[in-house]
1. Calculate how large, on average over all directions, the projected area of the Cα convex hull of the stretch 292-362 is; give the answer in nm² to one decimal.
2. What whole number of Å gives the distance from the Cα centroid of the stretch 163-232 to the Cα centroid of the stretch 103-132?
3. Scattering from the C-alpha atoms of the stretch 156-228 alone, worked out with Debye: what is log10 I(q)/I(0) at q = 0.16 1/Å?
4. Which ³J(HN,Hα) values in Hz, rounded to whole numbers, follow from the phi angles of the stretch 117-122 under the Karplus curve 6.51 cos²θ - 1.76 cosθ + 1.60, where θ = phi - 60° and Gly and Pro get x?
5. Kindly flag which residue pairs out of K218/K238; K200/K238; K53/K87; K53/K95; K171/K200 have an alpha-carbon separation exceeding 19 Å in this structure.
6. Determine the gain in length on full extension of the stretch K92-R156; use 0.36 nm per residue of separation and subtract their C-alpha separation, reporting nm with one decimal.
7. Most exposed first by the Cβ proxy, i.e. fewest other Cβ within 10 Å, how do Y341, Y205 rank?
8. Tell me, V73, V105, V228 in order of fewest to most beta-carbon neighbours within 10 Å?
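None of the figures in this text is laboratory data; all of them are computed from the coordinates on show. Computed from a prediction, not measured in an experiment: that's the story for all the values here. No Cβ is skipped: glycine too gets one built from the backbone with ideal geometry, and neighbour counts run over all protein chains shown.
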Amino acid sequence: MKRLFKITLAILILVIAGSGIFAFYTIFFGGKDVAVPGLAGSPIVDAVSLTEKMGLLVRIDKVDSVQPAGEVVSQWPEPGSRVKKGKIVILKVSKGGDRQPLPDVRGMEYGQAVTRLQESGFDVGDVVRIHSDSRPAGVVAAQSPASPVMVPPGRRIDLLVSLGPPRTGGKIVVPDVLERSEKIARQIIVQSGLKVGTVKYEYTYMTPAGMVMNMDPKPGRTLSPEGVVNLVVATGKKPEEPAAPAAVAQEEPETVVSFPTGGIPAPPVEPGPTVVQEAPAAPQTTPTPSPGDKIARIRYQVPPLAQSMPVRIEIVDKNGTRVLLDRQALAGEYISLDAPYEGQSSVTIYLGGEFVWQDRYQ
């Protein structure tokens, strides 16, 4: 009898010990592994329902996003990860709301940057000016928030504007205004404490009209305050052909008949070469708008990349899709286009084959 009692007691102790071990394992090691499903792009209701059915817990963090409100933007752990049941899965869920891309105005002249931000629906916040060895005076060195980012329209954007390199020995470093528009180049030179000297306009089909092709002195040289910087600006206007002598006589017949018979007619007037060299720059040609057309004013600053990249700009309106620009663009180049359109339109910009920007015009 005593032996039977001892055996029964031993079995009872083993059962209790086994139950304790199983409970301990379940609590601290979570049981079987499960594979985390891919939840990005799913409505939050469906995502929570699926994870709970798999024995997982859910924590939801709401974030700013262009995706619809209530849609899962990202998750942790990553899809396919094997975890124990009862583990927490963190879901980033879109708040939705009105968000739009913030343009990158670094490298733009301050006034140019303000215009670009205002055209995109943003306001300029605090402006701090500091000396910078890498940016000419008057050029935006940094912005907050930094781009690319999606922010609400009307957000105030703080700017850090360069005062140019600090002066050494009273000398001013000549800023680099190559491949900038003549207007912006003049502003940068003046803000640096220098003056614009002579401006020569040269015809070329390789450089956009109105862009600075050359300068003297070269960037990085030093000048005394109020020193002069001379510019060479591209123009799309071809030099005029000198008029033939016969054509001059026809245009000015009164000069011929004023001489008596046997008199010596005046020699034809030949235009000097300097007139052609100093001709004013012609504006960039744009398609002539017909009555009722609207104008899409497109402004884009290529980022300061290590090398040139292809830029493609397309516009879509009621007449279909048109390519406005498709060529290699230099680092930091400022592209300015005015394109007519009918009804509503959208303009899309691609850099290196990748989408970077889209504007809509009503």
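1. Orientation-averaged projected area of the Cα hull: 4.3 nm².
2. 21
3. -0.61
4. The phi angles translate into 5, 5, 5, 8, x, 10 Hz.
5. Violating the 19 Å limit, Cα to Cα: K218/K238; K53/K95; K171/K200.
6. 20.4 nm is the gain from fully extending K92 to R156.
7. With the fewest neighbours first, Y341, Y205 line up as Y205, Y341.
8. If I rank by nearby Cβ atoms, fewest first, I get V228, V73, V105.
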